[in-house]
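The values are calculated or read from the model by the stated rules, or taken from the named source; none is laboratory data. Predicted model, so just to flag it, every value in this text is computed and none were measured. Every residue, glycine as well, gets a Cβ built from its backbone with ideal geometry; the counts of neighbours run over all protein chains shown. Note: areas computed on protein heavy atoms with side chains; ligands, DNA, RNA excluded. Shrake-Rupley method; radii C 1.70, N 1.55, O 1.52, S 1.80 Å.
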Amino acid sequence: LQDFLVQYPEAPDAPDILWQLGNGMEFTEGDDEAIKYYQDLVNKHGEQPLAVKARGALRRLESIGQPLKLVGNSLGRSPIDTSALEGKVVLISYWATWCEPCVEEMDRLQKLREKYSKAGFEIVGVCLDHDKGKAVEFLREKGYGWPQMYEEGAMESKLATDLGIISLPYLILVDANGNVVNKNVQFGELEAELAKVMAPRTAGKDKESAK
């Protein structure tokens, strides 16, 4: 693909190839290499639909220390604005019922929410299901109570493209000031990462309890 771009930089397939290369670099060579391809896509093919995703991916990959605000509707069509959660540590969880690892880890997310909620922790799900009804039924059956954003389009929805989400599950940890502290938390490291961010808050709660 890289050789093809060198030989045919203006080919009709160039935007798609740049997008694929950016995706691949995220999983292999790392963010810096991915950013180069996404930026190239934006700079050279900014009018193409894939450039929208590339801008979102750039925003996501460069989000550490930056404010992150998501606005949309819940599964029940009520508005959700994550900026209203300022003062809380927030985990943004992109998921879908067809994503087996997502479903397998939901119970763990529930336990973390119960453990840290009194210290100011919340989860905001971003459901990328094609079938809204299936997601609603799943959540009702399991009793997961955190806010869930949803819009039609699944991985092609605005909620996904605004951050160039390319795979699920995808977790983003945001601190109490609304800034990203980990742009791609893995389930295996989630509790340790959360404990670090929550440490000052839980310490404060412990002092209050001691009084």
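What the table shows:
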read-out: Tally of residues being free of Cβ contacts under 8 Å to residues at least 60 places away in the same chain and part of a strand (DSSP E or B) across the range 79-94; value: 2
read-out: From GLY76, GLY133, residue being in a helix (DSSP H, G or I), on the phi < 0 side of the Ramachandran plot and open to solvent by 20 Å² or more (accessible area, probe 1.4 Å); value: GLY133
read-out: Near pairs, Cβ below 8 angstrom, 6+ apart or cross-chain, from the range 172-194 (surrounded by fewer than 17 Cβ atoms within 10 Å (Cβ to Cβ)) to any residue that is assigned to a loop (DSSP other than H, G, I, E, B) and not hydrophobic (A, V, I, L, M, F, W, C); value: ASN177/GLU86; ASN179/GLY65; ASN179/GLN66; PHE187/PRO169
read-out: Filtered residues of the range 28-59 (kept if open to solvent by 30 Å² or more (accessible area, probe 1.4 Å) and touching a residue at least 60 places away in the same chain (Cβ under 8 Å)); value: VAL52, LYS53, ARG55, ARG59
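Results for (1) aliphatic (A, V, I, L, M); (2) under 20 Å from ILE35 (Cβ atoms); (3) modelled with pLDDT under 95, shown as yes or no for each residue.
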{"residue": "ALA154", "(1), (2), (3)": "yes, no, no"}
{"residue": "TYR170", "(1), (2), (3)": "no, yes, no"}
{"residue": "VAL180", "(1), (2), (3)": "yes, yes, no"}
{"residue": "LYS183", "(1), (2), (3)": "no, yes, no"}
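Residue-wise test of (1) in contact with a Phe, Trp or Tyr (Cβ under 7 Å, 6 or more places away or on another chain); (2) at pLDDT 95 or above.
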site: LEU1; (1), (2): no, no
site: PHE27; (1), (2): no, no
site: GLN48; (1), (2): no, no
site: ALA54; (1), (2): yes, yes
site: GLY65; (1), (2): no, yes
site: GLU86; (1), (2): no, no
site: GLU100; (1), (2): no, yes
